[in-house]
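Inspection log for the structure reproduced underneath, given as structure tokens.
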Amino acid sequence: TFKLLGILDVENIPCARDSVLYGSLGSVVAGLGHFLLTSRIRRSCDVGVGGFLLVTLGCWYVFHCRYNHAKLRIQERMAREGIKNKILYESTHLDPQRKPADGSG
């Protein structure tokens, strides 16, 4: 497993890898852009770190990946419950696919 700073397990946390990659790109863009505009090295490094934090956290909480992951978990839970109900109610009078027996046959 790959742990970022010894704490964040990037492989097992959904969307962590993408967020960190976008954050590093945001860091380079923000730091280099600030340096090209102002030629201040120390302040550009600070802006780069701030850009990393903002972009990483923005992608982590707002980005569509977390939304899609949550939607997928809900769909999996619904499918699991459906399978459980199918097994539970199969061949009983509560089975929705069972045709009702009318007294004529």
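The values are calculated or read from the model by the stated rules, or taken from the named source; none is laboratory data. These numbers come from a predicted model, not from an experiment. Neighbour counts are summed over all protein chains in view; Cβ atoms, including those assigned to glycine, are modelled from backbone coordinates with ideal geometry. Heads up: the accessible areas ignore ligands, DNA and RNA and are worked out on the full protein's heavy atoms, side chains in. Shrake-Rupley method; radii C 1.70, N 1.55, O 1.52, S 1.80 Å.
Compute the whole-percent fraction of alpha carbon pairs in region 16-90 spaced more than 21 Å apart. Write down the numbers at each step before the final one.
Details: 1392 of 2775 pairs.
In whole percent, the long-distance tail amounts to 50.
Ignoring any ligand, DNA or RNA, what whole percent of the accessible area of region 16-90 comes from carbon and sulfur when the probe is 1.4 angstrom?
Values: 3860 of 5880 Å².
On region 16-90, the fraction of accessible area on carbon and sulfur atoms equals 66 percent.
Rounded to the nearest 0.05, what FRET efficiency do M78 and N12 give with R0 = 25 Å and r taken as the Cβ-Cβ distance? Could you check?
Numbers: r = 24 Å, r/R0 = 0.96.
According to the calculation, E is roughly 0.55.
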Please give the per residue accessible area of region 16-90, computed with a probe of 1.4 Å over protein heavy atoms only, in Å². 78
